[in-house]
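Worksheet: the structure to be examined is printed underneath.
The values are calculated or read from the model by the stated rules, or taken from the named source; none is laboratory data. Fair warning: this is a prediction, and the values are worked out from it, not measured in the lab. Counting neighbours? That spans all protein chains shown, and the Cβs are built from the backbone with ideal geometry, glycine included.
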Amino acid sequence: MPPDASPTPTAAPPASVPASPVVEVQSLSKRFDQNVLAVDDLTFTVERGDVCGLLGPNGAGKTTTLRMLLGLIRPTGGGTRVFGEAIVPSARVLARVGAMIEQAAFVPYLTGLTNLRLHWEAGGGDFEKADVEGALAVAALGDAIHRKVRTYSQGMRQRLGLARALLGQPELLVLDEPTNGLDPQEMRAVRGLLRRVADGGTTVLLSSHLLSEVEQVCTTAVVMDRGRLVASGTVADLMQAAVSAYLEVDDGERAARVLREVPGVEGVAPEPPGLSVAMDGVERWQLVDALVHAGVKVTTVTSRHRLEDAFLGLLGEETERTS
Amino acid sequence: MSLVGTEVVKQGRRLRTWVVFGLMVAIPVIITFALWANPPSQPGGEGGGGGDFFFLSRSSGLLLPAAVLLVASRFLLIGVAALFGGDTIAAEASWGNLRSLLVRPVQRGRLVLVKLGAATVLTALSTLILVLTALIAGVIVWGWHGIAGVSLGFGFFRVPSQSAGLLLWHLVIATAYVTWSLAAAVAFGFMVSTMSDAPIGAAAAAFGLYVVSAILDAVSAIGSIRNGFPTHYSDAWQDLFIHNHASFEMVLGSLVQLGYVVAFCAIGVWWFRRKDVMS
């Protein structure tokens, strides 16, 4: 983790054990031809067993970062290491990595199964020893696995892409927007799958713009904006950093005026039928106390620790800092 | 199965491959039928044109492949070479499959060599199918035998006698030379293919190179620069049949092709090894 990353770094390994992160991204930069700085001095690590979410709005540089991590794009500055090995195009260590970058793509006139076979055998692997059954279970395509890929829906291709990434039981799984194109049921199944894969000891690095997905699946997160690191840490710590409360009251306008005067209240926003209150160093009971003393009737009060709040808060801070 | 094996499966199951092979069978058959139905009359001129070979093919079925080779090498075979060359890397990129292959990981240098090898083999195979089909059709219709001396160009020019064995040997050399004369088209298509995600565009570029070369080659005012054009010596193999010997132009033509092949392949490999794979 970079020293200036906020709010807290991922738990470090014991001092006696030499730390060897699965993924090390060090001062990584990429400037494209049109002088577009897609990734700017990005540094983060992913430890063994982590399920790390790479978060950021569109254009944050997530996919470019993952492509550099997989040797598809050459960085213009810095570098990446996977399992301690520096990544160059087609680095041998990538044999220990399963990946799906952007939308899953295949040779359209071949069947799903043939695509999986050719993909695995192109790298010199024995398809029979690649945990094909496990991969096919992920794809859940049934007899359609024997149909040509050009007949597949986007969701079927995406599932086949996940199956391909899981061939050979990789030690690191790199997924770029893995639930793109899936319906809610399939998304849920993929989340469950990722949790099972992580429970089996596989390290997972996934990019997503779906905050709820990261919140549900990931143990750590790296937040990017405009190519730069905004924050990194455990998901729990990131959420803790952005505490808010939701209140339902009988007089919203009056309550908002009262709450804005309470020290530690950073903002009050209407969230029908109630109010959302951003808090920093103030407790919920103090909000209720202030409202009751002002004669406002409080019917509901709940605490919120959502990644969405943290994400938006972090991006807001970053925008203020850079403007 | 190695990368070569996977490439064989990919190409072997592709409709495009079989359409090309089908054309290579159909065209000689159509030409044979046309010549059988409407036998050509003796052409004029100094000899060496397509008309001469069509006229001569009536003398021996072994000459029909030469006639077919001549007409096909000026357009059809160039298109085939450009198609296979332009398809090498760009097809994988257009499917979005290139990134998966490279992450597998397949070494970039190995991938281009296998792809280039497959394009070369497919181009050579197409030429071979064309010639063999023409040979079979020609022998069925006009027989397997040599030719006695034949006068062409209103008697100003005479094709020397050649035995069946000699004609066959000339055909083998001509086929090899025509195949090699397509190498620059394959190499240029491959080079553009490493820079593009559009296989059709890469194939069109390679075909366009030969069209431009053929047009400029016809402008004698350009002078000796034309000797370096990829199409300049394309027809040099005709001397094998017309004059019963290989001309030095075949050597020059082979060397010109070699220069282009080395240059285009080197640029293609260099480009692909440093390329950012975005597709």
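Tabulated results
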{"item": "Residue match in the range A:187-194 (condition: under 16 Å from the mean Cα position of the chain (by Cα), buried (at least 22 other Cβ atoms within 10 Å of the Cβ) and either not assigned by TED's automatic domain parsing to the domain that holds A:Y109 or not polar (S, T, N, Q) (or both))", "result": "yes"}
{"item": "Test for A:A91: is it within 14 Å of chain B (Cβ to nearest Cβ) and either within 16 Å of the chain's Cα centre (by Cα) or over 14 Å from A:E177 (Cβ atoms) (or both)", "result": "yes"}
{"item": "Selection from the range B:245-261 of residues that are within 18 Å of the chain's Cα centre (by Cα) and exposed (fewer than 12 other Cβ atoms within 10 Å of the Cβ)", "result": "B:L255"}
{"item": "Set B:G96, B:G85: member being of a type outside the set (A, V, I, L, M, F, W, C), in contact with a Phe, Trp or Tyr (Cβ under 9 Å, 6 or more places away or on another chain) and surrounded by fewer than 22 Cβ atoms within 10 Å (Cβ to Cβ)", "result": "B:G96"}
{"item": "Unique match (being farther than 24 Å from B:L15 by Cα, aromatic (F, W, Y) and either more than 11 Å from chain B (Cβ to nearest Cβ) or in contact with a helix residue (DSSP H, G or I) (Cβ under 6 Å, 6 or more places away or on another chain) (or both)) among A:F127, A:F106", "result": "A:F127"}
{"item": "Test result for B:F75, away from every other protein chain (no Cβ under 14 Å) and touching a residue at least 40 places away in the same chain (Cβ under 8 Å)", "result": "no"}
{"item": "Some residue of the range A:46-68 being in a loop (DSSP other than H, G, I, E, B), closer than 22 Å to A:G161 by Cβ, in the same structural domain as A:L210 (by TED's automatic domain parsing) and touching a Pro at 6+ places or on another chain (Cβ under 6 Å)", "result": "no"}
{"item": "Where A:T179 falls short, out of the listed (1) in a loop (DSSP other than H, G, I, E, B); (2) surrounded by fewer than 21 Cβ atoms within 10 Å (Cβ to Cβ); (3) away from every other protein chain (no Cβ under 12 Å)", "result": "(2)"}
{"item": "Scan of the range B:5-28 for residues that are more than 10 Å from every other protein chain (Cβ to nearest Cβ), more than 17 Å from B:G79 (Cβ to Cβ) and among the aliphatic types (A, V, I, L, M), ordered by number", "result": "B:V8"}
{"item": "Test result for B:L69, under 26 Å from A:R67 (Cβ atoms), crowded, with 18+ Cβ neighbours inside 10 Å and away from chain A (no Cβ under 14 Å)", "result": "no"}
{"item": "Residues (surrounded by 14 or more Cβ atoms within 10 Å (Cβ to Cβ) and in contact (Cβ under 8 Å) with a residue 40 or more places away in the chain) located in the range A:243-282", "result": "A:V243, A:S244, A:A245, A:Y246, A:L247, A:E248, A:V249, A:D251, A:R254, A:A255"}
{"item": "Residue identified as surrounded by 24 or more Cβ atoms within 10 Å (Cβ to Cβ) and without any contact (Cβ under 8 Å) to a residue 40 or more places away in the chain among B:V80, B:V103", "result": "B:V103"}
{"item": "Qualifying position, being of a type outside the set (S, T, N, Q) and at pLDDT 95 or above, among B:L111, B:L77", "result": "B:L77"}
{"item": "Within the range A:89-107, considering residues that are touching a strand residue (DSSP E or B) at 6+ places or on another chain (Cβ under 7 Å) and not in a helix (DSSP H, G or I), the one modelled with the lowest pLDDT", "result": "A:E102"}
{"item": "Subset of the range A:182-208 (residues that are within 22 Å of A:E133 (Cβ to Cβ) and part of a strand (DSSP E or B))", "result": "A:V204"}
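Okay, residues lined up against (1) within 14 Å of chain A (Cβ to nearest Cβ); (2) among the charged types (D, E, K, R); (3) closer than 30 Å to B:L62 by Cα:
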residue	(1), (2), (3)
B:W180	no, no, yes
B:A198	no, no, no
B:A236	no, no, yes
B:F272	yes, no, no
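The rows are residues; the columns are (1) more than 14 Å from chain A (Cβ to nearest Cβ); (2) more than 27 Å from the chain's Cα centre (by Cα); (3) under 22 Å from B:S73 (Cβ atoms).
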| position | (1), (2), (3) |
| --- | --- |
| B:E92 | no, no, no |
| B:L102 | no, yes, no |
| B:S126 | yes, no, yes |
| B:A148 | yes, yes, no |
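Okay, residues lined up against (1) among the polar types (S, T, N, Q); (2) more than 10 Å from chain B (Cβ to nearest Cβ):
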{"position": "A:T43", "(1), (2)": "yes, yes"}
{"position": "A:D50", "(1), (2)": "no, yes"}
{"position": "A:L55", "(1), (2)": "no, yes"}
{"position": "A:G61", "(1), (2)": "no, yes"}
{"position": "A:R67", "(1), (2)": "no, no"}
{"position": "A:I73", "(1), (2)": "no, no"}
{"position": "A:G78", "(1), (2)": "no, yes"}
{"position": "A:R81", "(1), (2)": "no, yes"}
{"position": "A:A86", "(1), (2)": "no, yes"}
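Let's see how each residue does on (1) modelled with pLDDT under 95; (2) within 21 Å of B:A134 (Cβ to Cβ); (3) out of contact with any Lys or Arg (no Cβ under 9 Å at 6 or more places or on another chain):
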| residue | (1), (2), (3) |
| --- | --- |
| B:K10 | yes, no, yes |
| B:I27 | no, yes, yes |
| B:I30 | no, yes, yes |
| B:A34 | yes, yes, yes |
| B:N38 | yes, yes, yes |
| B:G49 | yes, yes, yes |
